[in-house]
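Trainee: Below are the structure tokens for one structure; questions will follow.
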Amino acid sequence: MHVDMNAFFASVEQAANPELRGKPIAVVGGHGRTVITTSSYEARAKGVKTGMAIWEGKRTCPELIIVVGDNKKYTHTSTRINEIFRDYTPEVEAFSIDESWLDVTHSLSIFGTAENIAYQIKARIKHLFGITCSIGVAPNKLLAKLASDMQKPDGLTVITPENVPRTLEQMPIKELCGIGKKMQRHLNTMSIYTCGELGRCDENRLTRKFGIIGTRLKEMGQGIDNTPVVQFGKEDDVKSVGHSRTLERDIDDPAEIRRFLLQLSEMVGSRARRYNVSGKTIHLYVRYADFFSSWGKQTTLKSYINLSDEIYRAALGILNIVELGQPVRLLGITLSNLKHQAEQLPLFEDERKKLFATQAMDSINDRFGRMSVTFGSLLPGKEKAGSHVIPPSWRPDGVKNIDVQ
Amino acid sequence: MIINSMRVAVIFGPGRTIKPVWFDWHNRKHTILETTYTWIDMKGNAKRLHFAVRDEGCLYELTYDSAEQTWELSGLEGG
């Protein structure tokens with residue numbers, strides 16, 4: 001079963017504020033930035049799309065109401081909704097903040113049918129939060145996601161095993177999760193436009209063109225997907241810890257860029273320390289003011305690190321060898337090549353002092369809130385937080401449960 | 001935040017539910033007609049309960065800090 005919350009952020013805002021109900025609204029990430037994160041169905045009906053600038057949205061729909069998003073509201077709601085899912089099955093996989101898969105195979109003896117579970121989930125979400133979702137029920141994850149997309153908003157679509165070939169025959173390939181625009185173009189050049197055509201295509205032809213994923217593509221066209229629903233706590237170990245931020249305004253002052261880099265290093269470092277991981281590779285990502293040009297570079301160190309100042313120095317080392325071509329719009333730091341470790345006490349006095357100071361800082365911040373104690377150069381007023389966007393990797397639990405503002 | 005300490009009357013119901021019924025603001029008692037949305041966040045290890053509520057004219061966000069045991073008016077729209 002796949003559950004997709006309909007226009008999630010916009011629906012939550014409409015539920016919280018009766019004045020917004022039934023009106024075209026667009027949710028934006030923060031006061032300083034102008035890109036539409038999501039919009040209500042009323043706005044979508046008038047042509048407003050995710051990713052549009054506010055001025056474009058207003059031009060498309062002059063009565064559009066702009067709402068600054070409240071991420072805490074969305075993460076709380078998503079977490080509660082995932083708790084509801086777990087009343088029906090422990091096998092729940094959060095795909096993003098507004099999408100989850102449930103394997104209800106072993107719950108049918110208690111709840112009867114998957115449709116019955118779907119109706120109960122829809123009713124509880126509507127009752128508790130006043131918002132709707134679309135649910136797809138099918139034999140596997142690929143088809144369940146396809147089914148949930150077939151009826152929006154507030155839909156329930158069931159694809160039974162015997163209906164799979166008929167459903168897929170005329171279905172455009174772009175509707176399959178995992179086939180993006182680029183892949184669609186490649187397949188179109190092979191005269192493959194529908195899932196039916198993809199499923200019938202000679203496997204050798206696909207593997208010649210796409211390598212090992214050719215086999216997977218053919219299976220997708222046939223509606224075959226054996227990937228399991230991976231429940232909370234049973235995911236593979238995380239491969240990296242990272243944060244990125246769009247700045248409140250484009251900046252070119254090196255001191256300001258460094259300050260921002262330190263803030264990101266502290267965010268990455270504190271999360272890595274909380275989950276007891278350290279890494280050897282630091283990746284710095286910079287997106288320029290024109291939105292389209294960007295670069296990313298990485299460095300691998302001799303030893304594993306997770307202290308914020310060490311991450312900062314490594315990231316700064318990368319920044320210093322690059323001449324910035326334009327003002328900076330977005331900065332990101334990722335720590336990878338991770339070791340899930342037991343903590344080791346440093347041998348030298350200075351290193352030990354630094355570790356104890358960091359631990360003291362972390363425990364104060366855990367108790368009183370993020371950035372209660374921080375570096376002097378990040379004191380309130382100097383920090384330009386930028387817009388806060390919930391990353392696609394956000395999850396209700398674990399290391400990916402990022403504390404978004 | 002608009003006010004960081006205010007008087008709020010609430011009903012503690014069964015199932016650990018909290019329902020704000022009125023609050024004092026601008027020397028006036030505001031009767032809550034509807035709680036439109038509730039959510040929780042954490043500030044450090046202190047749980048903060050947020051209530052979007054409306055009276056006859058406006059929409060307010062009331063926040064209860066469970067560690068400090070204080071109420072604040074964190075947001076206001078309309079009016």
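Each value in this text was obtained by applying a stated rule to the coordinates, not by laboratory testing. Here the structure is a predicted model, which is why all the values come from computation and not from measurement. Glycine gets a Cβ as well: all are built from the backbone with ideal geometry, and neighbour counts include every protein chain shown.
Trainee: Partner chain Cβ atoms within 10 Å, averaged over the residues of B:52-61 - can you pull that number for me?
Mentor: 2
Trainee: Can you compute the equivalent ellipsoid semi-axes for the protein assembly as shown, i.e. the square root of 5 times each eigenvalue of the Cα gyration tensor, sorted largest first and rounded to whole Å?
Mentor: 37, 34, 24
Trainee: Too long at a 32 Å Cα-Cα cut-off: which of A:Lys209/A:Lys339; A:Lys152/A:Lys239; A:Lys239/A:Lys353; A:Lys122/A:Lys234; A:Lys218/A:Lys297?
Mentor: Table pairs above 32 Å Cα-Cα are A:Lys209/A:Lys339; A:Lys152/A:Lys239; A:Lys218/A:Lys297.
Trainee: While we're looking at this one, here's another question. Give the residue list of chymotrypsin sites (Phe, Trp or Tyr not before Pro) in chain B that are DSSP loop and have at most 15 other beta-carbon atoms within 10 angstrom.
Mentor: Passing sites in chain B do not exist.
Trainee: On to the next question. Label-point separation (nm) for A:Ser294 and A:Thr113, each offset 7 Å from Cα along Cα-to-Cβ?
Mentor: For the pair A:Ser294/A:Thr113, the computed spacing is 4.5 nm.
Trainee: Of all GluC sites (Glu not before Pro) in the stretch B:21-78, which ones are in loop regions per DSSP and have a Cβ with at most 11 other Cβ atoms within 10 Å?
Mentor: Those satisfying the criteria are B:Glu56.
Trainee: Right, something else. Report, ordered by chain and residue number, the lysines lying within cross-link reach of A:Lys72, taken as a straight Cα distance under 16 Å and ignoring same-chain residues fewer than 8 apart.
Mentor: Counting by Cα, and skipping residues close in sequence, A:Lys72 has these lysines nearby: A:Lys400, B:Lys43, B:Lys47.
Trainee: Using every Cα-Cα pair within the stretch B:8-78, state what percent have a distance larger than 19 Å.
Mentor: 29 percent
Trainee: Describe numerically, in nm with one decimal, the distance between label points set 7 Å from Cα along Cα→Cβ at A:Arg367 and at A:Glu235.
Mentor: If labels sit at A:Arg367 and A:Glu235, their model points lie 3.0 nm apart.
Trainee: Quick one: A:Lys354, A:Lys141, A:Lys122, fewest Cβ neighbours within 10 Å first, how do they rank?
Mentor: The most exposed by this proxy come first: A:Lys354, A:Lys122, A:Lys141.
Trainee: To continue, here is another question. I need the P(r) histogram for the stretch A:2-70: all alpha carbon pairs, bin width 5 Å from 0 out to the longest distance, whole percents.
Mentor: Going from the shortest bin to the longest, the percentages are 3, 21, 32, 24, 14, 3, 1.
Trainee: Turning to a different aspect of this structure: What does the helix-only formula give at 222 nm for chain A: each DSSP H stretch with n ≥ 4 adding -39500 (n - 2.57), the total divided by the residues, and the result rounded to the nearest 500 deg cm²/dmol?
Mentor: The helix-only estimate for chain A comes to -11500 deg cm²/dmol at 222 nm.
Trainee: Rounded to a whole number, what is D in µm²/s for the stretch A:240-378 from Stokes-Einstein with the Kirkwood radius over alpha-carbon pairs (4 °C, 1.567 mPa s)?
Mentor: Estimated via Stokes-Einstein, D reaches 83 µm²/s.
Trainee: Still on this model: Give the peptides A:294-306, A:260-272 in descending order of average Cβ contacts within 10 Å, highest first.
Mentor: Highest mean packing first, the order is A:260-272, A:294-306.
Trainee: Another question, if that's okay. Across 5 Å bins from 0, what is the distribution of all Cα-Cα pair distances for the stretch A:168-253, in whole percents?
Mentor: Going out from 0 Å in 5 Å bins, the stretch A:168-253 shows 3, 12, 19, 17, 9, 9, 11, 10, 6, 4, 1, 0 percent.
Trainee: Starting with the fewest neighbours, write out B:Cys58, A:Cys195, A:Cys201 ranked by other beta-carbon atoms found within 10 Å of each beta-carbon.
Mentor: Placing the least packed residue first, the sequence is B:Cys58, A:Cys201, A:Cys195.
Trainee: Can I get the semi-axes of the stretch A:1-160's equivalent ellipsoid? Compute them from the C-alpha gyration tensor as square roots of 5 times the eigenvalues, in angstrom, largest first.
Mentor: 31, 15, 13
Trainee: Hey, another quick one. If you count, for every residue in B:38-51, the Cβ atoms of partner chains within 10 Å of its Cβ, what is the mean?
Mentor: Rounded to a whole number, the mean comes out at 5.
Trainee: Which whole number gives the average count of other chain Cβ atoms within 10 Å of the Cβ atoms across peptide A:12-19?
Mentor: Counting Cβ atoms of other protein chains within 10 Å of each residue's Cβ and averaging gives 5.
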